[in-house]
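*Asks:* Questions regarding the structure given below will be posed in turn.
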Amino acid sequence: MKKIILSVAFLAAGFSFAQKKEISAAYKAIEANDTNTATAQISAADAVMAGKTYLLEPAVQEQYYYAKGLALINSGKVSDGAAILAKISELGKSKIYTGKNADKQKVYYVGKTAADASGIQGLKEETFAPTTLGTIGNKINPLLSKTNEEAMAAYNAKNNELAADKFLEINNLLGAVGSDEKIYKYYAAITYSQAQKIDIAAKLFTELINEGYTGVKTEYKAKNKKDGKVESLDKNTWELYKKMGAGSDYTDFTTENTPSVEQELYETGAGLLIDSQKYDEALSIIEKGMAKFPKNSKLSELKGTVYYKSGKMDQFMANLKEQVTKNPADKVNWYNLGVLASKDPSKMAEAEGYFKKALEVDPDYIVGLQGIIYNVYVAGDDKAIEAIDAARKAKKNEVFNKLLEERRAKLGKAIPYAEKWYSLEPKNLEIVSLLKGLYQTAHNDAKFQELKNVETALKAASK
């Protein structure tokens, strides 16, 4: 007996036939309200298909999404099911790119992005008109009303996580009936962040950015002749009344655009990704946002935060310099530059200059005063004392005197800043003790004694 050899093309045809058979059975079952059978048939198709829906012609893809989506909804997984049903609208709105892959299988990619990702050349464009959208709308509309009520009830009760779940469910239900409106996805993203569900909130903000959502919506308004009140109308009604002219019940036809939230999407999305320690993703969002909004100071600040938290200190410092160039009145960034520069002993003069810049912006900036005192003038004092003590023990009097004078001069520079700090916080034991020691080193006995008495009184009062 001769061995039977099956070609790849024959196997592919059998593979596709099995899928079609199971999907057709699932479609018929869901139409008969037999959710269990539909679910079983879809599961069988999924096991064979392994996500390769592009091997199904559009009509079969529609049946697959229809059966799977409604089966999920009937099983109580409304949001998941609606998201599947939304793919049917995509079939109708997108170009279908057809051709054959390397295994000679017929392929049907929905949308140019999927087609380009396939790497297959010479695909032909086709269109497809779904037939189930009317039926889907009849099934979805009652769910929309119910879910909206549940969302508002949860939101008003400050149950943010449940409210966010419901807002996302509304978004998916709207997608299932062909709506491109993303405002409920935006509400879900905000509410998830309020519920501290950082990962899912960050994911939604990223999706909204990639989907081009801006929040801008045109509102159509006209004044009702009967009561003189301005009303919001849908676009078709507005255009109809406007065309009617003097015979219309309305006058003063105007349009307004709602404010854009696009910059907020970038800022919040990047901040959430940073909170999730997804620094590379955050940086990608920030750079994309800054390309569109180069003057956005918040994104520039977040970029610095990414560099700092991911340990990229050189980039962090470069970012700070960029920020103070744009905004010289930013005392915090001048201070941060001072702190970074002071970590390198060779950059102490540079650090001193940065701290002084911060104090030029705000002479009462206590953190800046502390920065220049501790990070520049008091920094390294332990080593200075050790060197002085070593010179004394070695009886190197000339070195000893030189080191002693250098230390006194360096600490003396801190005194005006310490005095300023003391004037702002006269009951702060830390600055009182510090200033007392500085006066002692400067041989200012009167001031030393004055601060010593203040220190004693503060310690007694704290007991």
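*Asks:* Would you mind stating whether residue 183 is closer than 30 Å to residue 92 by Cα, open to solvent by 20 Å² or more (accessible area, probe 1.4 Å) and among the β-branched types (Val, Ile, Thr)?
*Replies:* Taking the combined requirement at face value, the residue satisfies it.
*Asks:* Looking only at segment 322-341, count how many residues are farther than 22 Å from residue 290 by Cβ and within 24 Å of the chain's Cα centre (by Cα).
*Replies:* Selection size over segment 322-341: 0.
*Asks:* Out of 287, 281, 352, report the one residue that is free of Cβ contacts under 8 Å to residues at least 24 places away in the same chain, of a type in the set (D, E, K, R) and part of a helix (DSSP H, G or I).
*Replies:* 287
*Asks:* Go through the residues of segment 241-250 one by one and say whether even a single one is on the phi > 0 side of the Ramachandran plot, without any contact (Cβ under 8 Å) to a residue 12 or more places away in the chain and open to solvent by less than 80 Å² (accessible area, probe 1.4 Å).
*Replies:* yes
*Asks:* I'd like to check something: does segment 147-155 contain any residue that is over 16 Å from residue 58 (Cβ atoms), among the charged types (D, E, K, R) and assigned to a helix (DSSP H, G or I)?
*Replies:* yes
*Asks:* If residue 292 satisfies all but one of (1) surrounded by fewer than 18 Cβ atoms within 10 Å (Cβ to Cβ); (2) in contact with a Ser or Thr (Cβ under 9 Å, 6 or more places away or on another chain); (3) within 27 Å of residue 325 (Cβ to Cβ), what's the number of the condition it fails?
*Replies:* (2)
*Asks:* OK, next. Is it true that residue 138 is modelled with pLDDT under 95, loosely packed, with under 14 Cβ neighbours inside 10 Å and not hydroxyl-bearing (Ser, Thr, Tyr)?
*Replies:* The answer is yes for residue 138.
*Asks:* Something else about it: Regarding residue 199, is this residue in a helix (DSSP H, G or I), surrounded by 11 or more Cβ atoms within 10 Å (Cβ to Cβ) and not β-branched (Val, Ile, Thr)?
*Replies:* In short, yes.
*Asks:* Tell me, which residue of segment 179-230 that is of a type in the set (Gly, Ala, Ser) and over 21 Å from the mean Cα position of the chain (by Cα) is farthest from residue 166 (Cα to Cα)?
*Replies:* Taking the candidates together, the pick is 228.
*Asks:* Let me ask something additional. Would you confirm whether any residue within segment 115-128 is within 27 Å of the chain's Cα centre (by Cα) and either of a type in the set (A, V, I, L, M, F, W, C) or outside any loop (DSSP other than H, G, I, E, B) (or both)?
*Replies:* Yes, segment 115-128 has at least one match.
The values are calculated or read from the model by the stated rules, or taken from the named source; none is laboratory data. This one's a predicted model, so the numbers in the text were calculated from it and none came from an experiment. Please note: Cβ atoms are built from the backbone with ideal geometry, for glycine as well, and neighbour counts cover all protein chains shown. Keep in mind that these areas ignore ligands, DNA and RNA; they rest on the heavy atoms of the full protein, side chains included. Shrake-Rupley method; radii C 1.70, N 1.55, O 1.52, S 1.80 Å.
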